[in-house]
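Reviewing the structure listed below.
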Amino acid sequence: PPQKGFLLQILEVFNRLHIEVHRSYSLTFNDGRAPYFLSTFYIRLLDDTQLSKESELFRQLKLELYNTQILLARSHSYALFVQGGLSSGPDATLINAMIGFCHTNLAHNRPDTFDLEGIMRAFHNHPDISLQLVRLFQVRFDPELQQRTGLYEQTLQQTMKLVEDYDTGRRFLDKFRRTIFRCAVSFIRHCLKTNFFIPEKHALAFRMDPNYLDELGEQFTADLPADRPFRITYFFGRNGSGYHIGFSDIARGGWRTLITQGRDDYITSANTLFRENYVLAHTQHLKNKDIYEGGSKLVAILNADQDESGESLRQYLYKLQFGFIHAFLDIFVTREGKAADPRVIDYYGQEEAIELGPDENMHDEMVELIAMQAVKRGYLLGKGIISSKQIGINHKEYGVTSIGVVRFAEVTMQELGIDMHSQPFSVKFTGGPNGDVAGNAMNLMLARCPKVQIKLVVDGSGALYDPLGLNHLALQKILLQADLDAYDPAALNPGGCILYRRHHRNEGMRQLYKKIVCGENGLQESWISNDDFYRAYNSLA
């Protein structure tokens, strides 16, 4: 369950639906892998009547309680739409998902204009348009709706008129917000299936027709490769979002999760999420030219608090990945071409063979869970949904990708007259010792190149620099086990330093980051400002 404020959010649901909690018993326990929350609520209605399982109120209660897994109680949409009585919890979640979609699709080429706060204000300052967009989405995908086609066209026309007639007399702002709302309309029009109407979900999934990109226009796609994907799937969860982009019907590629800590960190990554994912998937497609599978990539961003670390951060990571894989299976498990779950309206109507693989922050236990859930839920490929399982070839364990990278470097250096197996040379790594490609590449070089000097390593946890090269024994201790901030500072040579991005403290209103430098008199620890940290980090990188 969510770690902070979850019980209060549940109680708010009861209160909002005018249900009194007479008493409650709650228990939190851990099975060694994950925490669990179990609670029993004894309730009564304000008019002392019984709550029937067949009643509309009971249906609303279930939807709202399930939705607490996705909707953040501290979000502005929650305060404005839910607590303000304008919408239900699930509808506020949909609005948040649309905000995320518009931001990630509009910001990557114009981040200074289409910032997250500006897009949020567009939806929050105009609840009439936001709720009309929700209405359009419901008409398109509500499985219980009858005579959908005629009503959808009518609602679409009403929505487009509302958007195109939007005029507050502030020309620049009006143009900016009309662009955002048009993007939201495109999102709904080009969504082919979604798990929104499955109550017991842990995240939202929207399978998109990539033609929406052409509808957005060149100003929002000029920074992307010219080739258009075969499919785009957007995911939205309580603490993050992501995309799966594939360039052919049968496509394979890794699942990468970027861990951000703090709002600025998250927004910076979210600004370029879509472009990074698109380019990675396109590159994978080019690399897969000699096999039957096309290329794809799933990139997710985890938005964690700055003070999260260790076990609690891992729990947030697993919760995001657990939610996304179940949302994936909600829409991609099919029977005779159509989505198997009758609550998923499927406008695509064909089976889709999508293969995943482990990438950054995809741990072995999650690989096994994904394979198990795919079998359990009847996915087309079964446990073949993901590679590197325990019974298969774990490419992180065997360094499959890194072998090719190191071999490429070896041939290149031979052309330059350098024998990397016997002659000294230096190398810098973007990617940490616990990463799949970089970690295995370091491992291979330490084994094959006794005179290699690994002078610089940078990753999400900071930077590690040594002018004489990192100590081989100290580096081997953390390879494929830990990030660079676990490197023993005592192994640094004079002039070396470590910047710790995850080790910080507050001093007044300033956040300071840990820095260790090896000088003539030994190790010196200091705490530097955010500006000084990134100035040093960027100068090394």
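No lab work stands behind these numbers, since they all come straight from the coordinates. Everything numeric in this text was worked out from a predicted model, so none of it was measured. In this analysis, Cβ positions are derived from the backbone assuming ideal geometry, glycine residues included, and neighbour counts consider all displayed protein chains.
Structure above, values below:
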item	result
Most to least packed among 333-343, 227-237 [average Cβ atoms within 10 Å]	227-237, 333-343
Three-way shape call for the stretch 1-115 based on the alpha-carbon gyration tensor, with the a/c threshold at 1.5	oblate
Around Gln154: net Lys/Arg minus Asp/Glu count, Cβ-Cβ under 13 Å	+3
Vicinal HN-Hα couplings computed from phi for the stretch 379-395 (Karplus, 6.51 cos²θ - 1.76 cosθ + 1.60; Hz; Gly/Pro x)	5, 3, 8, x, 6, x, 4, 9, 8, 6, 6, 4, 8, x, 9, 7, 6
Charge dipole of the stretch 193-396 about the Cα centre (unit charges at C-beta), most positive-ward option of Leu280, Ala203, Gly240	Ala203
Peptides ranked, highest mean first, by Cβ atoms within 10 Å: ranges 23-31, 169-177, 97-105	97-105, 169-177, 23-31
Given [x] 28.8; [y] 34.2; [z] 25.5, the label whose value is Kirkwood radius over Cα pairs in Å derived from this model	[z]
Phi to ³J(HN,Hα) by Karplus 6.51 cos²θ - 1.76 cosθ + 1.60 over the stretch 347-361, Hz, x for Gly, Pro	8, 8, x, 9, 6, 10, 8, 10, 10, 9, x, x, 9, 3, 6
Ordering of 143-149, 481-487, 14-20 by burial proxy (mean other Cβ atoms within 10 Å per residue, highest first)	481-487, 14-20, 143-149
Gyration tensor verdict on the stretch 160-319 (Cα atoms; rounded if a/c is under 1.5, prolate if a/b is larger than b/c, oblate otherwise)	oblate
Antiparallel DSSP beta bridges within the chain, percent to nearest 5	75
Residue-count net charge about Asp128 - beta-carbon cut-off 12 Å; Lys, Arg +1, Asp, Glu -1	0
Listed residue (Gly32, Leu17, Ile43) projecting farthest to the positive dipole end of the stretch 6-68, Cβ model	Gly32
Residues listed by number, the stretch 425-458, amide nitrogen under 18 Å from Phe408 label point at 7 Å toward C-beta	427-432, 435-445
Rounded if a/c under 1.5, otherwise prolate or oblate - the stretch 52-184, Cα gyration tensor axes	oblate
Folded to 0 to 90 degrees: helix 530-540 orientation relative to the chain principal axis, Cα	50
Integer Hz, Karplus 6.51/-1.76/1.60 couplings in order for the stretch 432-440, x for Gly and Pro	x, x, 9, x, 4, 6, 5, x, 5
Other-chain or far-sequence residues with amide H under 5 Å of Glu360's (modelled H)	Thr257
Rough spin-label spacing in nm, given labels placed 7 Å along Cα→Cβ, for Thr272 and Ala541	0.7
